[in-house]
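Colleague: Handing you a structure now.
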Amino acid sequence: MNSLYTWGAIGLLVAASTAGDVLLSVAMKKTGDLGDLRRRQALGAVATRIFTQGTFWMGIACMTVAFFSLLVALSWADVSLVAPAATSLTFLTTAVAAKLFLNENVDQRRWLSAVLVGVGVALLAW
Amino acid sequence: MTFRKYLVLGAMILFNAFGDVALSHGMKKMGAIHAHRLTDAVAAVFTPWVVVGILLLLGFFACYLTALSWADLSYVIPATALGYVVLALLSQWLLGETVTLTRWAGIALVGGGVFVLARGPVLTVPEKPRPPAVTADAAEGQS
C-alpha cells in the first residue's frame, strides 16, 4: 500500500488518540478520584457520573476514530512500522497537549521521560 | 501512591500490551484492507482475535480511566510503555525469541524513562492564589 496512505492513517491515529486522551483526562478530573467515589457511592452512581459528561463521549468518539485508523494502518503496513511510529509520536504529542490544554506541570522530568520512552518504544518495536 | 493505585497501573500496563498483540495478530490474519473497501475494518471487529483484543483493551480502558481520575495524563501515558518492556522480556522467556541489542537498548530507555517519571509527582496541584500582600500603610492601620 502507498506509504502516503500509511502515514496519513498514522497521522490521523496520533491526532485522534491525543485529542481523545486529553478529553478523557478532562472528563475523569471532573468526575473525581474513582477510589474515593467508590467508597461513598454505588458503582451505578459512579458510572452515571462518568457517562453523563459530554467530554467523556467526545473522547470516546476520538478514540473510535483512532481505533479504526489503527486497524486500517495495521492492514496497510507492518506492525513494526505502525506501532513504533504511532506510539512514539503519541508520547510526545500527549506531553505537549497536557501542557497546553490541561495546564499540567510538564517539567523537565516529564519531558525527559516522554523522550526516553518515545525513543525506547521505537527501538523496541522496530 | 497507595498499593491499590500501583495495582491499577500494573493491570493497565498488562491489559494494554496483551490487547495490542491480540489485535495485531487478528488484523494480520484478516489481510490488507483496501482504500475503496474501508467497511472491511468494521467486519474485522467480529473476528475472534480482534474480539479478544477488544475485550483486553476494555480492561485496559477501565484501568486507564481510573488512573486518569487521580493522576496527570502526562504521568499515565508514559507509564503504559512499561508494557512493551514486559512483552519483550516475555517473548524471550516464553517464546524463545532473541532479544537483539536494539531491543535491549529500547528496554533500557523505556525503563529509564518510567523510572525518571515515577520519582516525580503523580498529579499537578493547581497553585492557590496568594492572599494580597499587606502594605505598610494597611499594616499600620491595623495596629
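Colleague: Since B:Phe18 meets every condition but one in (1) at the interface with chain A (Cβ under 10 Å from one of its Cβ atoms); (2) touching a Leu at 6+ places or on another chain (Cβ under 8 Å); (3) in contact (Cβ under 8 Å) with a residue 12 or more places away in the chain; (4) over 19 Å from A:Ser88 (Cβ atoms), which condition does it not meet?
Modeller: Only one criterion is unmet by B:Phe18, namely (1).
Colleague: Being closer than 19 Å to B:Ile77 by Cα, among the β-branched types (Val, Ile, Thr) and at the interface with chain B (Cβ under 10 Å from one of its Cβ atoms) is the filter here; which residues of the range A:32-66 pass it?
Modeller: A:Ile60
Colleague: Taking A:Val106, is it over 12 Å from the mean Cα position of the chain (by Cα) and within 18 Å of B:Ala62 (Cα to Cα)?
Modeller: no
Colleague: Taking the range A:78-98 on its own, how many of its residues are out of contact with any helix residue (DSSP H, G or I) (no Cβ under 6 Å at 6 or more places or on another chain) and at pLDDT 90 or above?
Modeller: Of the residues in the range A:78-98, 1 are out of contact with any helix residue (DSSP H, G or I) (no Cβ under 6 Å at 6 or more places or on another chain) and at pLDDT 90 or above.
Colleague: For the range A:101-126, name all the residues that are farther than 19 Å from B:Phe115 by Cβ and part of a helix (DSSP H, G or I).
Modeller: A:Phe101, A:Ala125
Residue-by-condition table, conditions (1) exposed (fewer than 13 other Cβ atoms within 10 Å of the Cβ); (2) hydrophobic (A, V, I, L, M, F, W, C); (3) more than 19 Å from B:Trp70 (Cβ to Cβ); (4) under 18 Å from the mean Cα position of the chain (by Cα):
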{"site": "A:Tyr5", "(1), (2), (3), (4)": "no, no, yes, no"}
{"site": "A:Val14", "(1), (2), (3), (4)": "no, yes, yes, yes"}
{"site": "A:Leu24", "(1), (2), (3), (4)": "no, yes, no, yes"}
{"site": "A:Ala42", "(1), (2), (3), (4)": "yes, yes, yes, no"}
{"site": "A:Thr48", "(1), (2), (3), (4)": "yes, no, yes, no"}
{"site": "A:Thr52", "(1), (2), (3), (4)": "yes, no, yes, no"}
{"site": "A:Gly59", "(1), (2), (3), (4)": "no, no, no, yes"}
{"site": "A:Val65", "(1), (2), (3), (4)": "no, yes, yes, yes"}
{"site": "A:Trp76", "(1), (2), (3), (4)": "no, yes, yes, no"}
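Colleague: In addition: Please enumerate the residues belonging to the range B:21-76 that are of a type in the set (A, V, I, L, M, F, W, C), away from every other protein chain (no Cβ under 11 Å) and under 24 Å from the mean Cα position of the chain (by Cα).
Modeller: Correct list: B:Ala22, B:Trp49, B:Val51, B:Val52, B:Leu55, B:Leu56, B:Leu58, B:Phe60.
Colleague: Here's a follow-up. In the list B:Ala43, B:Ala105, B:Ala79, which residue meets the criterion of being buried (at least 19 other Cβ atoms within 10 Å of the Cβ) and assigned to a helix (DSSP H, G or I)?
Modeller: Exactly one of B:Ala43, B:Ala105, B:Ala79 is buried (at least 19 other Cβ atoms within 10 Å of the Cβ) and assigned to a helix (DSSP H, G or I), namely B:Ala79.
Colleague: Another question about this same structure. Can you tell me which residue in the range A:81-124 is farthest from B:Pro126 (Cα to Cα), limited to those that are facing chain B (nearest Cβ under 7 Å) and in contact (Cβ under 8 Å) with a residue 40 or more places away in the chain?
Modeller: In this case the residue turns out to be A:Leu124.
Colleague: Please determine, by comparing only the residues of the range B:86-103 that are under 11 Å from A:Leu123 (Cβ atoms) and at the interface with chain A (Cβ under 9 Å from one of its Cβ atoms), which one is nearest to the chain's Cα centre (by Cα).
Modeller: Applying the filter and picking the extreme gives B:Ala88.
The values are calculated or read from the model by the stated rules, or taken from the named source; none is laboratory data. Only a predicted model underlies this, so the values are computations on that prediction, with no experimental measurement involved. Every residue, glycine as well, gets a Cβ built from its backbone with ideal geometry; the counts of neighbours run over all protein chains shown.
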